[in-house]
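Worksheet for the structure shown next.
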Amino acid sequence: MPGIDDLVQRAAGLGRPDRRALLGICGAPGAGKTSLARTVVKRLRAAGVPVAHVPMDGFHLADAALRERGQLAAKGAIQTFDVHGYLSLLRRLRTERDHDVLAPDFERTLEQPLAAAIIVPPDTHIVVTEGNYLLDGTDAWPLVRAELDEVWFVDLDDGRRRSRLVERHVKFGKDRAAAQTWVDEVDEPNARRVIARRDTADLVITEPAGG
């Protein structure tokens, strides 16, 4: 497995002065993609590379929209994301270099997206984005993949990954039994869909570098 220094060097190599690079980090729920993305961004900034972190999770549908569609119980499944909004943002990030681009984020305590929470300044050379479905082959997701210079897949042993997910749900308010049920009935079907696309990634990382 490449070490974090190798990964940071690879990410830095994507950037060019005349073109903003977009790096995607993919993986099943609980695999460690957010941790890796944050570590890569932190290391790049320490090296003086202008970089931004723009998670796909900002394009979660809000609970109000999920209720209207009857999909609240499926929150986190691929149909509960605004893929076209995400694609539009990636295209803006690629081409709009003369002004700030504002992006949404996802607030874990509220479990809701927050509009215009992330600022991507004009001098940003690399944008790191991460999410479950960057490699999916349906709907507009292949267009998302086409906008990304590389996609890395973070792979983690299922037992450890599932345990992390349960602890995450408990941390953000579910009791342990409800957390386990959600992992079994909601997160795992999503995970199987994501893992099925593992081999289409540019790089597979078998342990999350950087913690």
_Need pairs with beta-carbon distance below 7 Å; first residue at pLDDT 95 or above and within the stretch 188-211, second open to solvent by less than 70 Å² (accessible area, probe 1.4 Å) and among the basic types (Lys, Arg); sequence gap 6+ or separate chains._
VAL204/ARG198
*Checking TRP152 against (1) farther than 21 Å from THR80 by Cα; (2) without any contact (Cβ under 8 Å) to a residue 40 or more places away in the chain; (3) not in a loop (DSSP other than H, G, I, E, B), which single condition isn't satisfied?*
(2)
*Can we say ASP139 is closer than 17 Å to LEU61 by Cα, in contact with a Gly (Cβ under 7 Å, 6 or more places away or on another chain) and modelled with pLDDT of 90 or more?*
no
*Given the conditions (1) under 18 Å from the mean Cα position of the chain (by Cα); (2) open to solvent by 30 Å² or more (accessible area, probe 1.4 Å), which single one is not true for ASP187?*
(2)
_Give me the residue from the stretch 88-131 that is in a helix (DSSP H, G or I) and touching an Asp or Glu at 6+ places or on another chain (Cβ under 7 Å) and, out of that set, surrounded by the fewest Cβ atoms within 10 Å (Cβ to Cβ)._
ARG91
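Considering only the stretch 190-205, state which residues are in a helix (DSSP H, G or I) and open to solvent by less than 70 Å² (accessible area, probe 1.4 Å). Can you show your working first?
Kept after step one, since they are in a helix (DSSP H, G or I), are these residues of the stretch 190-205: 190-195, 198-200.
Across the stretch 190-205, the qualifying residues are ASN190, ALA191, VAL194, ILE195, ARG198, THR200.
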*State yes or no: is LEU165 aliphatic (A, V, I, L, M), open to solvent by 20 Å² or more (accessible area, probe 1.4 Å) and at negative phi?*
no
_If LYS174 satisfies all but one of (1) among the charged types (D, E, K, R); (2) under 18 Å from the mean Cα position of the chain (by Cα); (3) assigned to a loop (DSSP other than H, G, I, E, B), what's the number of the condition it fails?_
(2)
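The values are calculated or read from the model by the stated rules, or taken from the named source; none is laboratory data. Predicted, not measured: the structure shown is a model, and the values here were computed from it. Here the Cβ is made from the backbone with ideal geometry for all residues, glycine too, and neighbour counts use every protein chain on show. The accessibility values were calculated without ligands, DNA or RNA, using every heavy atom of the protein model including side chains. Shrake-Rupley method; radii C 1.70, N 1.55, O 1.52, S 1.80 Å.
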